[in-house]
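These notes concern the structure reproduced below.
The values are calculated or read from the model by the stated rules, or taken from the named source; none is laboratory data. Remember, it's a predicted structure, so these values are computed and weren't measured experimentally. Cβ coordinates were reconstructed from backbone atoms using ideal geometry, including for glycine residues, and neighbour counts include every protein chain displayed.
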Amino acid sequence: MAGSVNKVILVGNIGRDPEVRSMNSGDKVCNLSLATSETWNDKNTGERQERTEWHRVVVFDQRLVDVCEKYVKKGSKLYIEGQLQTRKWTDQQGIEKYSTEVVLQRFRGELTMLDSRGGGSDSEINHFGDDASTSLDQTSKNTSSDGSKSVNDLDDEIPF
């Protein structure tokens, strides 16, 4: 068993349109604001209560950044899987600040659109991330008509 695990899974709605910026390396980074809500009935009054938590999500995986840029909008419902990271910086007044974020690194994150706001079918464009989220189109290219893997199967190219 692994010595430790750093994995966060969130399902919620985007609070504002994604903010995509270019880094000095030429790669893009996407910042998202994701809201998750919890509801319950107050024991004393019986009234329904709701508490919303806002999560900072930072996407470094270039494929997922492209998905965010093209399809994710304010109000989109997303499934996010990433890692918690806390960064520290000093503001203009010299005060140290901390921010904890859910980070989707290259090959270590997943993003699934849970609504059809981006358009297209759920199976082809709404599920993005790890190898387990290969689209139907890619899967069909690697499978022959009898269901067996074709010569293009990437597993045959692994050098061990």
**OP:** Hey, could you check the range 20-56 for residues that are in contact with a helix residue (DSSP H, G or I) (Cβ under 9 Å, 6 or more places away or on another chain) and within 23 Å of Ser116 (Cβ to Cβ) and say which is surrounded by the fewest Cβ atoms within 10 Å (Cβ to Cβ)?
**Re:** Val20
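Which of the residues belonging to the range 11-27 are closer than 20 Å to Glu69 by Cβ and either assigned to a strand (DSSP E or B) or touching a residue at least 24 places away in the same chain (Cβ under 8 Å) (or both)? Give the derivation first.
Step one: of the range 11-27, the residues closer than 20 Å to Glu69 by Cβ are 12-27.
Within the range 11-27, Gly12, Asn13, Ile14, Gly15, Arg16, Asp17, Pro18, Glu19, Val20, Arg21, Ser22, Asp27 qualify.
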**OP:** Kindly indicate which of Leu10, Leu78 is surrounded by 11 or more Cβ atoms within 10 Å (Cβ to Cβ), modelled with pLDDT of 95 or more and closer than 13 Å to Glu101 by Cα.
**Re:** Leu10
Subject >> Subset of the range 108-130 (residues that are at pLDDT 70 or above and either part of a strand (DSSP E or B) or aliphatic (A, V, I, L, M) (or both)) >> reply: Arg108, Glu110, Leu111, Thr112, Met113, Leu114
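If I filter the range 96-107 for residues that are acidic (Asp, Glu) and in a strand (DSSP E or B), do I get at least one hit? If you could, list the steps in order and put the result at the bottom.
So the first thing to find is which residues in the range 96-107 are acidic (Asp, Glu), and the list is 96, 101.
Next, from what is left, pick out any that are in a strand (DSSP E or B): 96, 101.
Within the range 96-107, one or more residues are acidic (Asp, Glu) and in a strand (DSSP E or B).
Checking the condition touching a Cys at 6+ places or on another chain (Cβ under 8 Å) and assigned to a strand (DSSP E or B), which residue from Cys68, Cys30 passes? First the steps, then the outcome.
Values: Cys68 fails: assigned to a strand (DSSP E or B).
Exactly one residue qualifies, and that residue is Cys30.
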Original post:
Hey, does the range 20-31 have a residue that's among the β-branched types (Val, Ile, Thr), modelled with pLDDT of 95 or more and under 22 Å from Phe107 (Cβ atoms)?
Top reply: yes
Subject >> Which numbered condition Arg51 fails, given (1) basic (Lys, Arg); (2) in contact with a Lys or Arg (Cβ under 8 Å, 6 or more places away or on another chain); (3) more than 23 Å from Phe107 (Cβ to Cβ) >> reply: (2)
